[in-house]
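Structure, as structure tokens:
The values are calculated or read from the model by the stated rules, or taken from the named source; none is laboratory data. Quick caveat: nothing in here was measured; it's all calculated off a predicted structure. No Cβ is skipped: glycine too gets one built from the backbone with ideal geometry, and neighbour counts run over all protein chains shown. Note: accessible area is taken over every heavy atom of the protein model, side chains too, but ligands, DNA and RNA are not part of it. Shrake-Rupley method; radii C 1.70, N 1.55, O 1.52, S 1.80 Å.
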Amino acid sequence: MAERRKRMTGKERREQLIEIGRALFAERGFDGTAVEEIAAKAGVSKPVVYEHFGGKEGLYAVVVDREMTRLLGLVTQGMSDGVHYRGKLEGAALALLEYIEESTDGFRILVRDSHAASGTGTFASLISDIATHVEYLLADEFEKHDRDGRLAPMYAQMLVGMVAMTGQWWLEVRKPRREEVAAHLVNLAWNGLSHLEDKPRLHPRSRRR
């Protein structure tokens, strides 16, 4: 029976190893994950893992890079879909919370202090990477409204930092639901502590349909 099973192509094997590594890194971190266990779960020998990734470090780097690419894409698209500032903020908050809810393992990997092997540094540097992408969107909006574009990097760090740290907290509690969390995030960022709405709601009309 085993001989009749369709053998995996190199690409299929690589994807299998990435998925297995992703789950183990999320559960145990880089240091707590062994190549032997990755290979055993995939039903292959250790040399197969080395053949595809050069070792655990290479596999980890691929996993982190994929998660960052997906998260950056979601946040950037969420902000791009916004018609104005509020819509962009709502889009960014919802995108991050959607990623956390649907890619929990990925976010767990990113919020750990990333291993030096990934080349990404700590969670703070990951936030900074996202903020760099957000910065360009804010700079365009600042120019449209005749505001100092040189302040865009600072505001991008503030915005992304607030949303990301709230997401890290929500990762464990998962209450309230993500739309409500996003509404409260926007409430604070948009209205400020002195003008908080009692029952904040998202404004779908501020985002493109």
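Can you tell me which residues in the stretch 26-35 are open to solvent by less than 50 Å² (accessible area, probe 1.4 Å), over 13 Å from residue 108 (Cβ atoms) and out of contact with any helix residue (DSSP H, G or I) (no Cβ under 6 Å at 6 or more places or on another chain)? Give the derivation first.
The initial filter retains those residues of the stretch 26-35 that are open to solvent by less than 50 Å² (accessible area, probe 1.4 Å), namely 26, 29-30, 32-35.
Subsequent filtering for residues that are over 13 Å from residue 108 (Cβ atoms) retains 34-35.
Listed by number, the list holds a single entry, 34.
Condition check for residue 23 on (1) free of Cβ contacts under 8 Å to residues at least 40 places away in the same chain; (2) open to solvent by 30 Å² or more (accessible area, probe 1.4 Å); (3) outside any loop (DSSP other than H, G, I, E, B): one failure, at (1).
When residue 65 is tested against (1) out of contact with any helix residue (DSSP H, G or I) (no Cβ under 6 Å at 6 or more places or on another chain); (2) acidic (Asp, Glu); (3) farther than 30 Å from residue 140 by Cα, only condition (3) is not met. When the residues of the stretch 36-62 are filtered to those that are without any contact (Cβ under 8 Å) to a residue 24 or more places away in the chain and in a loop (DSSP other than H, G, I, E, B), the one that is nearest to residue 108 (Cα to Cα) is 55.
Annotation note: Cβ proximity below 8 Å between a residue of the stretch 168-191 that is surrounded by 16 or more Cβ atoms within 10 Å (Cβ to Cβ) and a residue that is of a type in the set (Asp, Glu) and in a loop (DSSP other than H, G, I, E, B) (sequence gap 6+ or interchain) occurs for 187/197.
So which residues in the stretch 73-86 are open to solvent by less than 30 Å² (accessible area, probe 1.4 Å), in contact (Cβ under 8 Å) with a residue 40 or more places away in the chain and out of contact with any strand residue (DSSP E or B) (no Cβ under 7 Å at 6 or more places or on another chain), if there are any at all? 75, 79, 86, listed by residue number.
Mind checking which residues of the stretch 138-167 are under 21 Å from residue 128 (Cα atoms) and either open to solvent by 60 Å² or more (accessible area, probe 1.4 Å) or β-branched (Val, Ile, Thr) (or both)? Matches in the stretch 138-167: 140, 148, 150, 151, 154, 155, 157, 158, 160, 163, 165, 166.
Scanning the stretch 139-179 for residues that are under 21 Å from residue 200 (Cα atoms) and either charged (D, E, K, R) or in contact with a Phe, Trp or Tyr (Cβ under 6 Å, 6 or more places away or on another chain) (or both) yields 174, 175, 177, 178, 179.
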